Amino acid sequence: MASHWTKPAPTGYTDSMDSDPARPLDTISEPSRVAVDDEGIGPDELGLAARNHGMPLEAMRWDVTPIGLHYLLTHYDIPSVDDTSWRLDVSGLVDVGLSLTLDELRDRQSVTHTVTMECAGNGRARLLPRPVSQPWVHEAVGTMRWTGTPLAALLREAGLDPKATDVVFTGLDHGVERGVEQRYQRGLSLDDALRDEVLLAYECNGAPLPPQHGFPLRLLVPGWYGMTSVKWLSSIEVVDEPFDGYQMQAYRLRQVSGEPGLALSRIDPRALVVPPGSPDFMSRRRFLPAGSVVLEGRAWSGWGEVTRVEVSTDGAGSWRDAELEPAVGPYAWRRWTLDWDAAPGEHVVAARATDATGRSQPADQPWNRGGFANTSAQRVEVLVLPAT
Ligand SMILES: Nc1nc2c(c(=O)[nH]1)N[C@H]1C(S)=C(S)[C@@H](COP(=O)(O)O)O[C@H]1N2
Ligand SMILES: [Mo]
């Protein structure tokens, strides 16, 4: 069956690696698939989950996620980059091509934004049937302070050709996915690329980017799902048509493979609960003594400010409005709290967010083949013990 998964290398991809189309990469690369019936997580998904860890939900107690507790998602291998020979190349439909060292980028205007980033696949493992891929439950999110130089100024300095409409970003990491050998690449429309908040980031939380977050430089697009923010950035190319490479085709909402689907862009609203009380080691179920408890969590949306968080302690039967604290920044989550008089017995705690555009979390989650944007509410099982 012909589908986009089997087409040759993505447009705009002109590495010498393309020269031998007969290389048998299909023998090591698997097509996308959906788990059958009650099929459990397999060794392949377990391997991905061990490499690409999530943020422990208790880390939502920090406004800014400490480095190392932020989630990670790396499709291929983390490259080891020598920053003395590394350059950022700016080419394509520009008046003058640029090739910049890290010091030259650091000498430019420096801006810091606190940004909540989330993987588009967050929630995937809770879909039924489960799309087989990185099996996120709830934890593919984090908020860090990213420092860098605005992309728009750099593009304007290079000089934009009137024909320019789009920008392609290429990372140094290299691998094969569904038979297509590639460097990780994503595109943005020129309008989106020129937005003030888009950064070329060389620091997070005040330290040079660690290798796993894209050292020495990454694109950072606040408000958008993480796949847009290309790590280990090495080249920026200005072009005159929308980029249609592999990672543009991959991140779309589809019911069946091969259909055009809908491109993912901004982050849908979500509220999460810091699991209250204490956990059981294996089941992660919670227990706490009866009495007054302050439930807390975070909520965010890439479309607009979160305007409401509702919390349920009876498994989504009835909802109460939580108190909202100011957002940690214009592109970052806000803390919510709710007083709960916990009575002995079993409870299910859930939360849901609504943003200024009216977007909210669905009661019935629409399924999609990539397992993206599952914002159905988290359910935390809590056993409340009688007060002694
Ligand atoms: N070069 C490159 N950039 C990348 C990726 C990648 O595999 N390679 N993964 C993307 C995805 S899917 C996500 S969710 C974010 C994760 O960023 P983090 O690992 O810094 O949290 O990086 C994005 N940028
Ligand atoms: Mo992602």
Being in a loop (DSSP other than H, G, I, E, B) and over 25 Å from PRO210 (Cα atoms) is the filter here, so list the residues in the range 79-104 that pass it.
LEU93, ASP95, VAL96, GLY97
Is the range 56-64 home to any residue that is in the same structural domain as VAL137 (by TED's automatic domain parsing) and among the β-branched types (Val, Ile, Thr)?
yes
Residue that is closer than 21 Å to ARG106 by Cβ and buried (at least 23 other Cβ atoms within 10 Å of the Cβ), where the choices are LEU272, LEU188, LEU219:
LEU219
Would you point out which residue out of ALA152, ALA120, ALA125 is over 12 Å from the mean Cα position of the chain (by Cα), farther than 19 Å from PHE215 by Cα, among the hydrophobic types (A, V, I, L, M, F, W, C) and buried (at least 19 other Cβ atoms within 10 Å of the Cβ)?
ALA125
Expected output for the range 318-333 (first residue assigned to a strand (DSSP E or B), partner modelled with pLDDT under 95, Cβ below 8 Å, 6+ apart or cross-chain) is none
Restricting the first residue to the range 229-243 and requiring it to be of a type in the set (Val, Ile, Thr), which pairs with a second residue that is within 16 Å of ligand 2 (Cβ to nearest atom) meet a Cβ separation below 7 Å and a spacing of at least six or different chains?
VAL230/PHE169; VAL230/GLY171; VAL230/TYR184; VAL230/ARG186; VAL230/ARG218; VAL230/LEU219; ILE236/PHE169
GLY345: passes all of (1) at positive phi; (2) of a type outside the set (D, E, K, R); (3) touching a Gly at 6+ places or on another chain (Cβ under 9 Å) but (3)
Return yes or no: is SER189 of a type in the set (Gly, Ala, Ser) and under 17 Å from the mean Cα position of the chain (by Cα)?
no
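The values are calculated or read from the model by the stated rules, or taken from the named source; none is laboratory data. Please read these numbers as outputs of a predicted model, since none were measured by experiment. Every residue, glycine as well, gets a Cβ built from its backbone with ideal geometry; the counts of neighbours run over all protein chains shown.
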